[in-house]
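Enquirer: Let me give you the structure first, and then I'll get to my questions.
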Amino acid sequence: SLKSVQRSHGPAALSLGLAMESMESPSPSAEPMGAERTAAEEAFMQEWPQLSLQASSADYYFNSYNHYGVHEDVLKDSVTMTAFVKAILHNAHLFRGAVVLDVGAGLGMLSLLAAKAGAKKVIALETQKELVMMGEKVARKNGFGPDVLEFVCGSAGTLNKLPDGLEQVDIVMGEWMGYFLMYESRLGEVLKARDRWLKPGGLMFPDRAKLYVALLEDAQYVDRHFNYYAKVWGFDYSVMRAPAQTEPVVNAFAPSQLLSTTPCVLDLDLRKCSVSDCFDMAAPFQCMCKREGKVHALLSWFEIRFDVCHKPVSFGTGPKSPATCWKQVAFFLNSSVPRHVRHNERVRGMLAVRKRSEERRHLDIKIVLEEASSEEPQVHFYRW
(Lines give C-alpha, C1' and ligand atoms only; values in the text may rest on other atoms or scores of the structure.)
Protein backbone atom coordinates (compact mmCIF):
# COMPACT_ATOMS: atom_id res chain seq x y z
CA SER A 1 0.00 0.00 0.00
CA LEU A 2 2.99 2.24 -0.23
CA LYS A 3 4.70 3.34 -3.40
CA SER A 4 8.05 5.05 -3.53
CA VAL A 5 9.86 6.59 -6.46
CA GLN A 6 13.56 7.23 -6.76
CA ARG A 7 15.19 9.36 -9.43
CA SER A 8 17.87 11.96 -10.03
CA HIS A 9 16.98 15.64 -10.21
CA GLY A 10 19.17 18.43 -11.38
CA PRO A 11 17.43 21.17 -9.37
CA ALA A 12 17.40 18.95 -6.28
CA ALA A 13 21.11 18.45 -6.51
CA LEU A 14 21.56 22.19 -6.93
CA SER A 15 19.39 22.94 -3.90
CA LEU A 16 21.36 20.42 -1.88
CA GLY A 17 24.60 22.10 -2.83
CA LEU A 18 23.25 25.54 -1.96
CA ALA A 19 22.05 24.34 1.41
CA MET A 20 25.39 22.82 2.29
CA GLU A 21 27.48 25.87 1.61
CA SER A 22 26.51 27.35 4.96
CA MET A 23 27.04 24.18 7.01
CA GLU A 24 30.45 24.14 8.65
CA SER A 25 29.91 21.34 11.16
CA PRO A 26 27.18 19.01 12.41
CA SER A 27 24.67 20.81 14.60
CA PRO A 28 23.61 19.07 17.83
CA SER A 29 20.10 20.46 17.48
CA ALA A 30 18.00 22.33 15.00
CA GLU A 31 16.63 25.78 15.61
CA PRO A 32 13.02 25.76 16.88
CA MET A 33 10.64 25.85 13.95
CA GLY A 34 9.05 29.11 12.90
CA ALA A 35 11.75 30.84 10.83
CA GLU A 36 11.37 31.38 7.08
CA ARG A 37 12.59 28.58 4.86
CA THR A 38 15.85 29.16 3.01
CA ALA A 39 15.90 29.29 -0.78
CA ALA A 40 17.50 25.84 -0.85
CA GLU A 41 14.82 24.34 1.37
CA GLU A 42 12.07 25.99 -0.67
CA ALA A 43 13.54 24.62 -3.91
CA PHE A 44 13.82 21.14 -2.45
CA MET A 45 10.17 21.21 -1.40
CA GLN A 46 8.99 21.93 -4.96
CA GLU A 47 9.99 18.62 -6.53
CA TRP A 48 7.56 15.76 -5.92
CA PRO A 49 6.68 12.98 -8.36
CA GLN A 50 3.26 11.99 -9.60
CA LEU A 51 2.66 8.58 -8.05
CA SER A 52 0.34 6.12 -9.76
CA LEU A 53 -0.71 4.57 -6.45
CA GLN A 54 -3.12 6.88 -4.63
CA ALA A 55 -3.79 4.76 -1.55
CA SER A 56 -1.23 4.65 1.23
CA SER A 57 -0.66 2.45 4.26
CA ALA A 58 -2.36 5.15 6.31
CA ASP A 59 -5.63 4.57 4.47
CA TYR A 60 -5.74 1.05 5.87
CA TYR A 61 -4.82 2.25 9.32
CA PHE A 62 -7.20 5.19 9.40
CA ASN A 63 -10.11 3.38 11.04
CA SER A 64 -8.02 1.02 13.18
CA TYR A 65 -7.47 3.48 16.02
CA ASN A 66 -10.52 2.02 17.76
CA HIS A 67 -8.87 -1.41 17.88
CA TYR A 68 -7.86 -1.99 21.47
CA GLY A 69 -4.54 -3.58 20.54
CA VAL A 70 -3.29 -0.16 19.40
CA HIS A 71 -3.95 1.26 22.86
CA GLU A 72 -2.56 -1.80 24.61
CA ASP A 73 0.83 -1.23 22.99
CA VAL A 74 1.01 2.33 24.35
CA LEU A 75 -0.37 1.47 27.79
CA LYS A 76 2.29 -1.23 28.15
CA ASP A 77 5.05 1.13 27.00
CA SER A 78 6.68 1.82 30.36
CA VAL A 79 9.03 4.49 28.93
CA THR A 80 6.28 6.62 27.39
CA MET A 81 3.82 6.13 30.24
CA THR A 82 6.40 6.79 32.95
CA ALA A 83 7.25 10.12 31.34
CA PHE A 84 3.59 11.20 31.23
CA VAL A 85 3.00 10.02 34.80
CA LYS A 86 5.99 11.99 36.06
CA ALA A 87 5.11 15.07 34.01
CA ILE A 88 1.54 15.17 35.33
CA LEU A 89 1.53 13.68 38.84
CA HIS A 90 4.91 15.11 39.89
CA ASN A 91 3.67 18.52 38.76
CA ALA A 92 0.24 18.38 40.31
CA HIS A 93 0.55 22.06 41.26
CA LEU A 94 0.14 22.90 37.56
CA PHE A 95 -3.05 20.81 37.28
CA ARG A 96 -4.71 21.53 40.60
CA GLY A 97 -7.91 23.46 39.96
CA ALA A 98 -7.21 23.69 36.21
CA VAL A 99 -9.43 23.04 33.21
CA VAL A 100 -7.66 20.48 31.00
CA LEU A 101 -8.37 19.45 27.40
CA ASP A 102 -7.04 16.01 26.39
CA VAL A 103 -6.99 15.85 22.57
CA GLY A 104 -7.23 12.38 21.03
CA ALA A 105 -7.93 10.98 24.47
CA GLY A 106 -8.42 7.38 23.41
CA LEU A 107 -9.33 5.36 26.49
CA GLY A 108 -8.53 8.32 28.71
CA MET A 109 -5.28 7.46 30.49
CA LEU A 110 -3.93 11.03 30.36
CA SER A 111 -7.33 12.35 31.41
CA LEU A 112 -7.32 10.04 34.41
CA LEU A 113 -3.86 11.26 35.39
CA ALA A 114 -4.96 14.91 35.10
CA ALA A 115 -8.04 14.22 37.24
CA LYS A 116 -5.90 12.41 39.80
CA ALA A 117 -3.54 15.40 39.87
CA GLY A 118 -6.46 17.58 40.98
CA ALA A 119 -7.81 19.16 37.79
CA LYS A 120 -11.17 20.88 38.31
CA LYS A 121 -12.43 19.71 34.92
CA VAL A 122 -10.95 17.36 32.33
CA ILE A 123 -12.43 17.25 28.83
CA ALA A 124 -11.46 14.04 27.03
CA LEU A 125 -11.91 14.77 23.32
CA GLU A 126 -12.02 11.64 21.15
CA THR A 127 -13.32 11.06 17.61
CA GLN A 128 -14.11 7.34 17.90
CA LYS A 129 -17.51 6.73 19.49
CA GLU A 130 -16.59 3.25 20.69
CA LEU A 131 -13.58 4.60 22.56
CA VAL A 132 -15.68 7.37 24.10
CA MET A 133 -18.14 4.80 25.44
CA MET A 134 -15.40 2.58 26.84
CA GLY A 135 -13.45 5.55 28.21
CA GLU A 136 -16.51 6.73 30.10
CA LYS A 137 -16.85 3.31 31.72
CA VAL A 138 -13.19 3.36 32.73
CA ALA A 139 -13.55 6.84 34.23
CA ARG A 140 -16.61 5.85 36.27
CA LYS A 141 -14.92 2.62 37.36
CA ASN A 142 -12.15 4.77 38.83
CA GLY A 143 -14.46 7.14 40.65
CA PHE A 144 -14.50 10.13 38.28
CA GLY A 145 -17.93 11.37 37.26
CA PRO A 146 -18.70 13.64 34.30
CA ASP A 147 -18.49 16.67 36.57
CA VAL A 148 -14.71 16.08 36.74
CA LEU A 149 -13.87 13.90 33.71
CA GLU A 150 -16.18 14.26 30.73
CA PHE A 151 -15.72 12.47 27.43
CA VAL A 152 -16.76 14.33 24.29
CA CYS A 153 -17.07 12.62 20.91
CA GLY A 154 -15.59 14.90 18.27
CA SER A 155 -12.45 16.63 17.07
CA ALA A 156 -10.90 20.03 17.59
CA GLY A 157 -11.99 20.93 14.06
CA THR A 158 -15.62 19.82 14.33
CA LEU A 159 -16.50 20.56 17.95
CA ASN A 160 -18.59 23.75 18.09
CA LYS A 161 -18.12 24.52 21.77
CA LEU A 162 -16.69 23.13 24.97
CA PRO A 163 -19.03 21.62 27.59
CA ASP A 164 -20.34 23.52 30.63
CA GLY A 165 -20.16 26.82 28.76
CA LEU A 166 -16.37 26.87 28.99
CA GLU A 167 -14.60 29.17 26.56
CA GLN A 168 -10.96 28.51 27.47
CA VAL A 169 -8.80 25.83 29.02
CA ASP A 170 -5.67 26.09 31.15
CA ILE A 171 -3.87 23.09 29.69
CA VAL A 172 -3.99 21.29 26.33
CA MET A 173 -2.40 17.85 26.36
CA GLY A 174 -2.30 14.76 24.21
CA GLU A 175 -0.29 11.72 23.27
CA TRP A 176 -0.33 12.78 19.64
CA MET A 177 2.94 11.38 18.29
CA GLY A 178 3.28 8.51 15.80
CA TYR A 179 6.06 6.60 14.09
CA PHE A 180 8.67 8.99 12.70
CA LEU A 181 6.96 11.47 15.03
CA MET A 182 4.62 12.50 12.20
CA TYR A 183 3.12 9.29 10.77
CA GLU A 184 -0.44 8.74 12.09
CA SER A 185 0.21 11.82 14.22
CA ARG A 186 -2.66 13.83 15.69
CA LEU A 187 -0.52 16.94 16.07
CA GLY A 188 -2.79 18.94 13.78
CA GLU A 189 -5.73 18.35 16.11
CA VAL A 190 -3.67 19.35 19.15
CA LEU A 191 -2.61 22.63 17.51
CA LYS A 192 -6.19 23.40 16.46
CA ALA A 193 -7.28 22.92 20.05
CA ARG A 194 -4.44 25.14 21.23
CA ASP A 195 -5.39 27.93 18.85
CA ARG A 196 -9.12 27.72 19.60
CA TRP A 197 -9.27 27.22 23.34
CA LEU A 198 -5.95 27.55 25.19
CA LYS A 199 -5.95 30.70 27.29
CA PRO A 200 -3.04 33.19 26.98
CA GLY A 201 -0.16 31.82 29.00
CA GLY A 202 -1.73 28.35 29.10
CA LEU A 203 0.35 25.19 29.10
CA MET A 204 1.03 22.47 26.52
CA PHE A 205 1.75 18.89 27.69
CA PRO A 206 4.14 17.96 26.12
CA ASP A 207 5.58 21.27 24.95
CA ARG A 208 8.59 20.20 22.84
CA ALA A 209 9.30 17.55 20.19
CA LYS A 210 12.49 16.84 18.28
CA LEU A 211 13.28 14.59 15.31
CA TYR A 212 16.76 13.13 14.81
CA VAL A 213 18.49 11.25 11.99
CA ALA A 214 21.67 9.20 11.58
CA LEU A 215 23.36 7.03 8.97
CA LEU A 216 22.61 3.33 9.43
CA GLU A 217 24.51 0.21 8.42
CA ASP A 218 22.45 -2.98 8.14
CA ALA A 219 23.66 -5.35 5.42
CA GLN A 220 21.89 -8.26 7.09
CA TYR A 221 18.48 -6.61 6.78
CA VAL A 222 19.17 -5.81 3.12
CA ASP A 223 20.08 -9.44 2.41
CA ARG A 224 17.09 -10.89 4.23
CA HIS A 225 14.40 -8.53 3.00
CA PHE A 226 15.57 -7.04 -0.31
CA ASN A 227 18.15 -9.31 -1.96
CA TYR A 228 15.70 -12.11 -1.20
CA TYR A 229 13.67 -11.15 -4.26
CA ALA A 230 16.40 -12.29 -6.65
CA LYS A 231 15.04 -15.82 -6.39
CA VAL A 232 11.70 -16.67 -4.78
CA TRP A 233 10.70 -20.34 -5.00
CA GLY A 234 12.58 -20.59 -8.25
CA PHE A 235 11.20 -17.39 -9.77
CA ASP A 236 12.82 -14.01 -10.41
CA TYR A 237 11.03 -11.37 -8.33
CA SER A 238 13.79 -8.80 -8.65
CA VAL A 239 11.33 -6.15 -9.87
CA MET A 240 10.12 -6.03 -6.27
CA ARG A 241 13.52 -5.10 -4.86
CA ALA A 242 13.45 -1.38 -5.62
CA PRO A 243 9.99 -0.58 -4.17
CA ALA A 244 10.63 -2.86 -1.18
CA GLN A 245 13.97 -1.24 -0.41
CA THR A 246 12.48 2.23 -0.38
CA GLU A 247 9.60 1.41 2.00
CA PRO A 248 10.01 2.87 5.51
CA VAL A 249 10.89 0.17 8.02
CA VAL A 250 9.67 0.40 11.62
CA ASN A 251 12.05 -1.63 13.74
CA ALA A 252 14.34 -1.54 16.75
CA PHE A 253 17.96 -1.11 15.67
CA ALA A 254 21.13 -1.56 17.72
CA PRO A 255 23.38 1.38 18.66
CA SER A 256 26.29 -0.49 17.06
CA GLN A 257 24.59 -0.10 13.67
CA LEU A 258 24.85 3.69 13.76
CA LEU A 259 27.59 5.12 11.60
CA SER A 260 27.41 8.79 12.48
CA THR A 261 26.46 11.63 14.75
CA THR A 262 22.74 12.26 15.20
CA PRO A 263 21.74 15.76 14.04
CA CYS A 264 18.34 17.18 14.92
CA VAL A 265 16.33 18.01 11.79
CA LEU A 266 13.13 19.22 13.45
CA ASP A 267 12.61 21.08 16.73
CA LEU A 268 8.97 21.85 17.49
CA ASP A 269 7.96 24.29 20.20
CA LEU A 270 4.36 23.17 20.72
CA ARG A 271 3.45 26.49 22.32
CA LYS A 272 3.81 28.39 19.04
CA CYS A 273 4.63 26.09 16.10
CA SER A 274 2.27 25.66 13.16
CA VAL A 275 1.08 22.56 11.35
CA SER A 276 3.21 23.47 8.32
CA ASP A 277 6.34 23.47 10.51
CA CYS A 278 5.86 19.73 10.79
CA PHE A 279 3.94 18.64 7.71
CA ASP A 280 5.47 20.97 5.12
CA MET A 281 9.10 21.00 6.14
CA ALA A 282 12.53 20.69 4.57
CA ALA A 283 15.73 20.52 6.58
CA PRO A 284 19.38 20.15 5.56
CA PHE A 285 21.55 18.04 7.82
CA GLN A 286 25.15 16.97 8.18
CA CYS A 287 26.37 13.74 9.76
CA MET A 288 29.93 13.17 10.94
CA CYS A 289 30.87 9.52 10.52
CA LYS A 290 32.18 7.96 13.74
CA ARG A 291 33.50 4.82 12.10
CA GLU A 292 34.08 3.17 8.72
CA GLY A 293 31.18 1.34 7.13
CA LYS A 294 28.52 1.19 4.42
CA VAL A 295 25.43 3.41 4.42
CA HIS A 296 22.29 1.36 3.85
CA ALA A 297 19.68 3.71 5.29
CA LEU A 298 18.86 6.95 7.03
CA LEU A 299 17.51 6.18 10.50
CA SER A 300 15.10 8.47 12.33
CA TRP A 301 13.62 8.73 15.84
CA PHE A 302 12.18 11.40 18.12
CA GLU A 303 12.34 12.91 21.58
CA ILE A 304 9.37 14.25 23.57
CA ARG A 305 9.91 16.88 26.27
CA PHE A 306 7.92 18.48 29.09
CA ASP A 307 10.12 21.51 29.69
CA VAL A 308 7.40 23.41 31.56
CA CYS A 309 7.74 21.02 34.50
CA HIS A 310 9.59 22.06 37.66
CA LYS A 311 12.13 19.36 36.78
CA PRO A 312 11.94 18.86 32.99
CA VAL A 313 10.78 15.40 31.93
CA SER A 314 11.60 13.77 28.61
CA PHE A 315 11.85 10.46 26.82
CA GLY A 316 13.63 9.41 23.64
CA THR A 317 12.94 6.67 21.13
CA GLY A 318 16.40 6.25 19.62
CA PRO A 319 18.60 3.13 19.51
CA LYS A 320 20.51 4.23 22.61
CA SER A 321 17.33 4.80 24.65
CA PRO A 322 15.20 2.15 26.38
CA ALA A 323 12.84 0.42 23.96
CA THR A 324 9.45 2.02 23.26
CA CYS A 325 6.45 1.09 21.14
CA TRP A 326 7.55 3.79 18.67
CA LYS A 327 10.86 2.02 17.87
CA GLN A 328 12.79 3.75 15.04
CA VAL A 329 12.10 4.24 11.34
CA ALA A 330 14.70 3.41 8.69
CA PHE A 331 14.54 4.76 5.15
CA PHE A 332 16.59 2.28 3.13
CA LEU A 333 18.34 3.82 0.16
CA ASN A 334 17.70 2.24 -3.21
CA SER A 335 21.30 2.27 -4.36
CA SER A 336 22.91 -0.52 -6.34
CA VAL A 337 26.12 -0.13 -4.35
CA PRO A 338 25.94 1.21 -0.75
CA ARG A 339 28.12 4.21 -0.14
CA HIS A 340 31.32 3.46 1.76
CA VAL A 341 32.23 6.04 4.40
CA ARG A 342 35.33 6.52 6.53
CA HIS A 343 35.88 7.75 10.05
CA ASN A 344 35.42 11.54 10.36
CA GLU A 345 33.90 11.79 6.89
CA ARG A 346 31.05 14.29 6.61
CA VAL A 347 27.87 13.32 4.78
CA ARG A 348 25.38 16.04 3.90
CA GLY A 349 21.77 15.65 2.95
CA MET A 350 18.27 17.02 3.11
CA LEU A 351 14.97 15.65 4.40
CA ALA A 352 11.55 16.92 3.31
CA VAL A 353 8.09 15.93 4.54
CA ARG A 354 4.67 16.97 3.35
CA LYS A 355 1.12 15.97 4.18
CA ARG A 356 -1.09 16.62 1.19
CA SER A 357 -4.47 16.08 2.82
CA GLU A 358 -5.58 17.14 6.27
CA GLU A 359 -8.19 14.39 6.37
CA ARG A 360 -5.82 11.54 5.61
CA ARG A 361 -2.78 10.52 7.57
CA HIS A 362 -0.38 9.61 4.80
CA LEU A 363 2.93 11.39 4.35
CA ASP A 364 5.17 12.08 1.38
CA ILE A 365 8.83 11.87 2.39
CA LYS A 366 11.87 12.82 0.37
CA ILE A 367 15.54 12.23 1.15
CA VAL A 368 18.73 13.10 -0.68
CA LEU A 369 22.33 12.36 0.35
CA GLU A 370 25.31 13.84 -1.41
CA GLU A 371 27.52 11.42 -3.31
CA ALA A 372 31.15 10.93 -2.40
CA SER A 373 32.10 11.49 -6.03
CA SER A 374 31.06 14.35 -8.29
CA GLU A 375 28.01 12.38 -9.43
CA GLU A 376 24.60 13.97 -9.13
CA PRO A 377 22.92 12.72 -5.95
CA GLN A 378 19.91 10.43 -6.12
CA VAL A 379 16.66 11.65 -4.64
CA HIS A 380 14.53 9.10 -2.85
CA PHE A 381 10.74 9.55 -2.65
CA TYR A 382 8.48 7.69 -0.25
CA ARG A 383 4.75 7.61 0.31
CA TRP A 384 3.74 6.35 3.73
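The values are calculated or read from the model by the stated rules, or taken from the named source; none is laboratory data. As the structure is a prediction and not an experimental result, all values here were calculated from the model. Quick reminder, even Gly has a Cβ in these numbers, built from the backbone with ideal geometry, and neighbours come from all protein chains shown. For the accessible areas, the whole protein counts, side chains as well, though only heavy atoms, and no ligand, DNA or RNA atoms are used. Shrake-Rupley method; radii C 1.70, N 1.55, O 1.52, S 1.80 Å.
Enquirer: Of everything in the stretch 247-277, what is of a type in the set (A, V, I, L, M, F, W, C) and part of a loop (DSSP other than H, G, I, E, B)? Give them in sequence order. Quick ask: steps written out before the conclusion?
Expert: First, pick out the residues of the stretch 247-277 that are of a type in the set (A, V, I, L, M, F, W, C): 249-250, 252-254, 258-259, 264-266, 268, 270, 273, 275.
Ala252, Phe253, Ala254, Leu259, Leu270, Cys273 - these are the residues of the stretch 247-277 that are of a type in the set (A, V, I, L, M, F, W, C) and part of a loop (DSSP other than H, G, I, E, B).
Enquirer: Inside the stretch 290-345, counting only strands (runs of 3 or more DSSP E) that do not spill past its ends, which hold 2 or more residues that are surrounded by 17 or more Cβ atoms within 10 Å (Cβ to Cβ), of a type outside the set (Lys, Arg) and touching a Leu at 6+ places or on another chain (Cβ under 8 Å)?
Expert: Here the list reads 293-295, 297-306, 328-332.
Enquirer: Of the residues Phe302, Phe306, Phe285, only one is over 30 Å from Ile171 (Cβ atoms), of a type in the set (Phe, Trp, Tyr) and in contact (Cβ under 8 Å) with a residue 12 or more places away in the chain; which?
Expert: Phe285
Enquirer: Now for a separate question. Between residues in the stretch 197-220 that are without any contact (Cβ under 8 Å) to a residue 12 or more places away in the chain and residues that are open to solvent by 50 Å² or more (accessible area, probe 1.4 Å) and not in a helix (DSSP H, G or I), which pairs lie under 9 Å by C-beta distance while being six or more apart or on different chains?
Expert: Sorted first by the residue in the stretch 197-220, then by its partner, the pairs are Pro200/Gln168.
Enquirer: Is it the case that some residue within the stretch 219-242 is crowded, with 22+ Cβ neighbours inside 10 Å and closer than 30 Å to Val341 by Cβ? Spell out the reasoning first.
Expert: So the first thing to find is which residues in the stretch 219-242 are crowded, with 22+ Cβ neighbours inside 10 Å, and the list is none.
No, the conditions are met nowhere in the stretch 219-242.
Enquirer: Tally time: how many residues in the stretch 117-154 are open to solvent by less than 40 Å² (accessible area, probe 1.4 Å) and either in contact with a strand residue (DSSP E or B) (Cβ under 7 Å, 6 or more places away or on another chain) or among the charged types (D, E, K, R) (or both)?
Expert: Residues flagged as open to solvent by less than 40 Å² (accessible area, probe 1.4 Å) and either in contact with a strand residue (DSSP E or B) (Cβ under 7 Å, 6 or more places away or on another chain) or among the charged types (D, E, K, R) (or both) within the stretch 117-154 amount to 15.
Enquirer: Let me ask something else. Looking at the stretch 32-39, can you tell me whether even one residue there is in a loop (DSSP other than H, G, I, E, B), at pLDDT below 65, in contact with a helix residue (DSSP H, G or I) (Cβ under 7 Å, 6 or more places away or on another chain) and closer than 19 Å to Leu266 by Cβ?
Expert: Yes, the stretch 32-39 contains at least one residue that is in a loop (DSSP other than H, G, I, E, B), at pLDDT below 65, in contact with a helix residue (DSSP H, G or I) (Cβ under 7 Å, 6 or more places away or on another chain) and closer than 19 Å to Leu266 by Cβ.
Enquirer: Among the candidates Ala297, Ala352, single out the residue that is of a type in the set (A, V, I, L, M, F, W, C) and touching a helix residue (DSSP H, G or I) at 6+ places or on another chain (Cβ under 6 Å).
Expert: Result: Ala352 is the single residue among Ala297, Ala352 that is of a type in the set (A, V, I, L, M, F, W, C) and touching a helix residue (DSSP H, G or I) at 6+ places or on another chain (Cβ under 6 Å).
Enquirer: If I ask for residues that are under 24 Å from Asn160 (Cβ atoms) and either surrounded by fewer than 20 Cβ atoms within 10 Å (Cβ to Cβ) or of a type in the set (Lys, Arg) (or both), which ones from the stretch 199-210 would you list?
Expert: Lys199, Pro200, Gly202
Enquirer: Right, next: Looking only at residues that are in contact (Cβ under 8 Å) with a residue 40 or more places away in the chain and assigned to a strand (DSSP E or B) in the stretch 118-138, which one is nearest to Ala105 (Cα to Cα)?
Expert: Leu125
Enquirer: Could you list, in sequence order, all residues of the stretch 156-183 that are farther than 23 Å from Ile88 by Cβ, in contact with a helix residue (DSSP H, G or I) (Cβ under 8 Å, 6 or more places away or on another chain) and not hydrophobic (A, V, I, L, M, F, W, C)?
Expert: Result: Gly157, Glu167, Tyr183.
Enquirer: In the stretch 62-82, what residues are under 20 Å from Met133 (Cβ atoms) and modelled with pLDDT of 85 or more?
Expert: Matches in the stretch 62-82: Glu72, Val74, Leu75.
Enquirer: For the stretch 71-103, which positions are touching a Ser or Thr at 6+ places or on another chain (Cβ under 8 Å) and either open to solvent by less than 20 Å² (accessible area, probe 1.4 Å) or free of Cβ contacts under 8 Å to residues at least 12 places away in the same chain (or both)?
Expert: Asp77, Thr80, Ala83, Val100, Asp102
Enquirer: Could you list, in sequence order, the residues of the stretch 148-165 that are farther than 19 Å from Gly104 by Cβ and in contact (Cβ under 8 Å) with a residue 12 or more places away in the chain?
Expert: Answer for the stretch 148-165, where residues must be farther than 19 Å from Gly104 by Cβ and in contact (Cβ under 8 Å) with a residue 12 or more places away in the chain: Val148, Asp164.
Enquirer: If you don't mind, there's one more thing I want to ask. Failed condition for Val337, given (1) within 13 Å of the chain's Cα centre (by Cα); (2) within 26 Å of Arg241 (Cβ to Cβ); (3) without any contact (Cβ under 8 Å) to a residue 24 or more places away in the chain, with all others met?
Expert: Answer for Val337: the failing condition is (1).
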